[in-house]
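A short write-up of the structure that comes next.
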Amino acid sequence: MKGGAPSATTIGLVVTDAALSKAQAKRLAIMADDGLARAVLPAHAPNDGDTIFAAATGAKPGADLTALGHLATQVMARAIARGVHAATALPWAGAQPAWSDRFGG
């Protein structure tokens, strides 16, 4: 690749209506980040800026953080896969083909 090592950054957001403290929201983001690692290979390469954020509305108290984090991991991986499958190539010469162009829709 021109200019050095390949690099790509994935940024994601997980939002819940659970009531979470700042520390719990951080833990949720860390757990959701595992979904990124399941869907993007390689994830967290030295030149990447892969980051997942978490936000909580606080509408529903008493959330089970372990169960919520497990779901966030699965949802993150699925959302990335859906985005890849739905993407189209950029409209200029030399642009990388979309997944569907390479492997069918």
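The values are calculated or read from the model by the stated rules, or taken from the named source; none is laboratory data. In this text, all values refer to a predicted model and were calculated from it rather than measured experimentally. Quick reminder, even Gly has a Cβ in these numbers, built from the backbone with ideal geometry, and neighbours come from all protein chains shown. Heads up: the accessible areas ignore ligands, DNA and RNA and are worked out on the full protein's heavy atoms, side chains in. Shrake-Rupley method; radii C 1.70, N 1.55, O 1.52, S 1.80 Å.
Before moving on, here are some points about what is shown:
- LEU13 open to solvent by 70 Å² or more (accessible area, probe 1.4 Å) and in contact with a strand residue (DSSP E or B) (Cβ under 9 Å, 6 or more places away or on another chain): yes
- Residues satisfying the stated conditions in the stretch 51-73, i.e. farther than 28 Å from THR9 by Cβ and in contact (Cβ under 8 Å) with a residue 12 or more places away in the chain: GLY58, ALA59, LYS60, PRO61, GLY62, ALA63
- Those helices (runs of 4 or more DSSP H) of the chain in which at least 3 residues are small (Gly, Ala, Ser), considering only elements entirely within it, cover 22-39, 65-86.
- Scanning the stretch 35-50 for residues that are touching a residue at least 40 places away in the same chain (Cβ under 8 Å) and either closer than 15 Å to VAL14 by Cβ or out of contact with any strand residue (DSSP E or B) (no Cβ under 8 Å at 6 or more places or on another chain) (or both) gives GLY35, LEU36, ALA39, VAL40, ALA45, PRO46, ASN47, ASP48, ASP50.
- Taken over the stretch 20-61, the criterion of being buried (at least 16 other Cβ atoms within 10 Å of the Cβ), among the aliphatic types (A, V, I, L, M) and farther than 22 Å from ALA81 by Cβ is satisfied by LEU20, ALA25, ALA56.
- Looking only at the stretch 62-84, and only at residues there that are farther than 15 Å from GLY35 by Cβ and at pLDDT below 95, the one that is most open to solvent (accessible area, probe 1.4 Å): GLY62
- Filtered residues of the stretch 85-105 (kept if aromatic (Phe, Trp, Tyr) and either modelled with pLDDT of 95 or more or surrounded by 13 or more Cβ atoms within 10 Å (Cβ to Cβ) (or both)): TRP99
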